[in-house]
Amino acid sequence: MGILDMLTSVLASKGASELETAVIPVVLNEVLGDGNQGGLSAIVAKLEQAGLGGQVKSWIGTGQNLPISAQQLQEVLGSDVVKQLATRFGIPVDQLSTVLAQVLPTAVDQASPKGTLPHTA
């Protein structure tokens, strides 16, 4: 199962299914994949630079994942980026930020099963 498939499943199980299921993988790919944010490693670096290293380490490590708030994530990604994505996909900004904050810890955790991010992330 690919990371986007896994994240779509996580979103559905966490009650984020109000978002159209076809849109979720596209939005996540924009943020985590080949989008303007530079991929998972770049987002992890931004989070660490923003003082959220504790959360990031918990996601990469093998223990329990610490949460991140929608506001923290929006600050790291940039309000403009989140607004552009929300507008592009017709999703309310608050809802998009909330969903991304719910799935990002799982995405990083799944991308680092042995406690390290792959070099291509």
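Summary table
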item: Neighbours by Cβ (under 7 Å, 6+ apart or cross-chain): first from the range 80-107, in contact (Cβ under 8 Å) with a residue 24 or more places away in the chain and crowded, with 20+ Cβ neighbours inside 10 Å; second among the β-branched types (Val, Ile, Thr) and part of a helix (DSSP H, G or I); result: Leu85/Val27; Ile91/Val23; Leu96/Val27; Leu96/Val82; Ser97/Val82; Leu100/Val31; Val103/Val10; Ala107/Ile3
item: Given (1) closer than 19 Å to Ser41 by Cα; (2) at pLDDT 80 or above; (3) in a helix (DSSP H, G or I), number of the condition Leu85 does not satisfy; result: (1)
item: Flag if Leu73 is under 18 Å from Ser41 (Cα atoms), free of Cβ contacts under 8 Å to residues at least 40 places away in the same chain, crowded, with 17+ Cβ neighbours inside 10 Å and out of contact with any Pro (no Cβ under 8 Å at 6 or more places or on another chain); result: yes
item: Single match in Ile68, Ile43 (criterion: closer than 14 Å to Glu30 by Cα and either exposed (fewer than 13 other Cβ atoms within 10 Å of the Cβ) or out of contact with any Ser or Thr (no Cβ under 7 Å at 6 or more places or on another chain) (or both)); result: Ile43
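The values are calculated or read from the model by the stated rules, or taken from the named source; none is laboratory data. Not measured: the values here are computed from a predicted model. As a convention, Cβ positions derive from the backbone with ideal geometry for all residues, glycine included, and neighbour counts pool all protein chains shown.
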